[in-house]
Each structure stands twice: as structure tokens, then as C-alpha cells.
């Protein structure tokens, strides 16, 4: 640099450029990063298009396969818990428990739900205790090594109507009544499917033969179901006096089973509301601070003055 | 307004000890207030559907037993 300075004064002034500008410019000229990025971008774009197309094709093929069976898909019913922040209707859960106890429990177990789970959801503690005491539970062994029967406690799970799955099969024409603890999560359509299935029994259409001991239900995959229609008008009575029509019972038991499958449902929606409120507050604060901090940078003016 | 903020600064935020105390106390109060407001909104949306709203119609047998359950 010293030699350059000695050549001419004019040249030095000309060469005097801010050091940062020099380094930036030289990076732009020397670097091959930009070209590499372009090629990579094209490749990634191509990959995305091909992958998306393949996924779409697979989805379409899968859908066409689904459309080939003769299952009637359920409609979406206007459940009172459909909204983003809508809780389950707990009066309906309580009625649904009555339906389960009086109708479904004859064949279906709910082995993951205990009587204590009802407390604060559909029953008070003493009511749940009374419900539990109404059943007999096999316990033991006692001091002599014998099993014995005792009244149920809050910590006991709902009783199983059969001693094991084989007993359940043989009592039901070889069809195993599924455990209902997680049934709405385990079936496509969830509570809509349960409602449709329970209210959807009808005569088989012309040409459809249903084997002896099976029943026709268009919502059941395959159409022939081992369960007979269980809900008829006035098949039981609600303790709160609600008219026990078959659709009312189907709606209540579907709500009850929805609760059983997702006991955290209400808490989840409550937390969603809280999280949205909290994060919108934090977003507003963050946005304000960003604007505040950047206001200096955004409104500044940079002037380049050649050195005289 | 500026006077209030100035006093607040002089008496609370200027010393680290009182600033930390103010932060802890403020967080506690904010949490309480936020929960009250958000739970109120949720219960207002779901008026009449939650167990809280219907339990009085079932618990005649015992009145003292289950007051603290949620």
C-alpha cells in the first residue's frame, strides 16, 4: 500500500474505499455458493414435485380402494362438543353411563375405566361409591389362600361380563364384543360412527344375504354385524326423566364413550384456550418490542461522503 | 403518570432485591388473574355443560363430602 501511495495522490483517494465494501464485493465475485444453491434448489423443487405427485397418486389409489367396499360412511352430527373450545356435555355423559350400565354392559367390557374416574365427571364421590358397591369383585387370596368375593371399591375397574375372550366369543356366536374403553378413538368416525351404528339397523337390501345369527347394518364394514339392535325406544328409563328414545340413548352413550376414550377432552380444550390467549399476548409484546428496537434502524439514513 | 412511574422506579425497580420481589409477586398475581379470566371465558362458552354446572342437581345425599373436587 505504501508504494501505491507514493505513485500519486489522486490514485490513493480513488482507491480509498471503505474496507467492508471491499470485502463484501470480493466475496460476491469469488464465491461459487450462489450457483451451487441454484442447482440445489432446482433439485429440491424437482424432488418435491415428484414426491408430492407420488403421494397424491398413492392417496388417490387408496381412496379408490376404500370406495370399493359397501360401507355407508357416517355423517357428521352436530355434537355439542364440536367447537374448538366446546366441552363435553356432562349431563349427557351421566345418561350415557346409565345406558352403558343397563344395555351395553351385558356384553361389552370397559376394562380401562374405573369407578373413581366417574368422580367429578358424571357422579359425586358417594354416588360413584354406591355404583362400585353394587358389583361383586373377586379378590384374594386371603390368609388361607382362597379367593373371595367382595363389594366393589372406587379403585375397581368396570366389571367384565365374561371371564375371558373365549367365553365372550362362545356366548355371542363367535363374535367378540369389543372392549368399549377406547372405542371412539379406535373406529373411523368416532362418536359419529357409534351413533350411526346404533341407530342404523335396517333390513338388508335386495340381493344381500345375511347369515343366520348376524344382523344387517350398513354402517358396519361388511354390512353383517354380530350385535343385534340394542337400543329401542323406552328400553330403559333415565333417572333424570329424559325421554329414552333410541336416538337419545345413542347420542348419550356416544358422548359417554367419547369421554371414556378421551377423558382429557375438556382439559385439552381449556388449555388450548389458555395457550392461544397467552401466546397472542406474548406475540403482541414481541411485535411491539421488535418495532421498538427496529425503529432506529428503519428510520436511519446512511450517507456516503467521499473523503476530500 | 410520569410521577407514578418515577416513584415506582425509585422505590421498586431501582434495587435488585425489590425488583426480583416485584417480578415474583407480579408473576404470581398475573397467573392468578390470567387463570381466572381464561377459566371464566371457558366456563362461559360451556355454560350448563360442565360438571361444575350440573353437580348441584345430583349431590343431595351428601352436602359436606365433595366440596373440593373439581
Gaussian network model of chain A, Cα within-10 Å springs - most flexible of A:126, A:246, A:185: A:126
Contact order normalised by length for chain A, with contacts defined as Cα pairs under 8 Å and 6 or more residues apart; what percent is it? 20 percent
Distance between Cα centroids, region A:291-308 to region A:116-134: provide it in whole Å. 70 Å
Given labels modelled 7 Å from the Cα in the Cβ direction, how far is it in nm from residue A:137 to residue A:228? 3.3 nm
Cβ neighbours within 10 Å from other chains - mean over A:177-187: 0
Residue mean of other protein chain beta carbons inside 10 Å, A:291-304: 0
Connecting C-alpha atoms closer than 10 Å in a GNM of chain A, tell me which of A:187, A:291, A:169 has the biggest fluctuation. A:291
Report the gain in length on full extension from residue A:130 to residue A:55: 0.36 nm times residue separation, minus Cα-Cα distance, nm rounded to one decimal. 21.5 nm
In degrees between 0 and 90, to the nearest 10, how far off the longest principal axis of chain A does helix A:19-30 point, with axes built from Cα atoms? 70 degrees
Could you work out how far helix A:265-299 tilts from the main Cα principal axis of chain A, as a 0 to 90 degree angle to the nearest 10? 10 degrees
Where does chain A land at 222 nm, in deg cm²/dmol rounded to the nearest 500, when only DSSP H runs of n ≥ 4 count, each adding -39500 (n - 2.57), divided by all residues? -16000 deg cm²/dmol
What is the Cα centroid distance between region A:191-250 and region B:25-42, reported in whole angstrom? 47 Å
To the nearest 10 degrees, how steep is helix A:90-102 against the longest Cα principal axis of chain A, on a 0 to 90 scale? 40 degrees
What nm distance separates the two modelled labels at residue B:36 and residue A:296, each placed 7 Å from Cα along Cα→Cβ? 3.9 nm
Expected sort for A:79, A:259, B:51 with the fewest Cβ neighbours (10 Å cutoff) up front is A:79, B:51, A:259
Set the Förster radius R0 to 45 Å, insert the Cβ-Cβ distance between residue A:101 and residue B:5 as r into 1/(1 + (r/R0)^6), and round the FRET efficiency to 0.05. 0.10
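Taken together, the values in this text are just the output of simple stated rules run on the coordinates, not laboratory data. Values in this document were obtained by computation on a predicted structure and should not be read as measured data. Cβ: placed from backbone, ideal geometry, glycine included. Neighbour counts: every protein chain shown.
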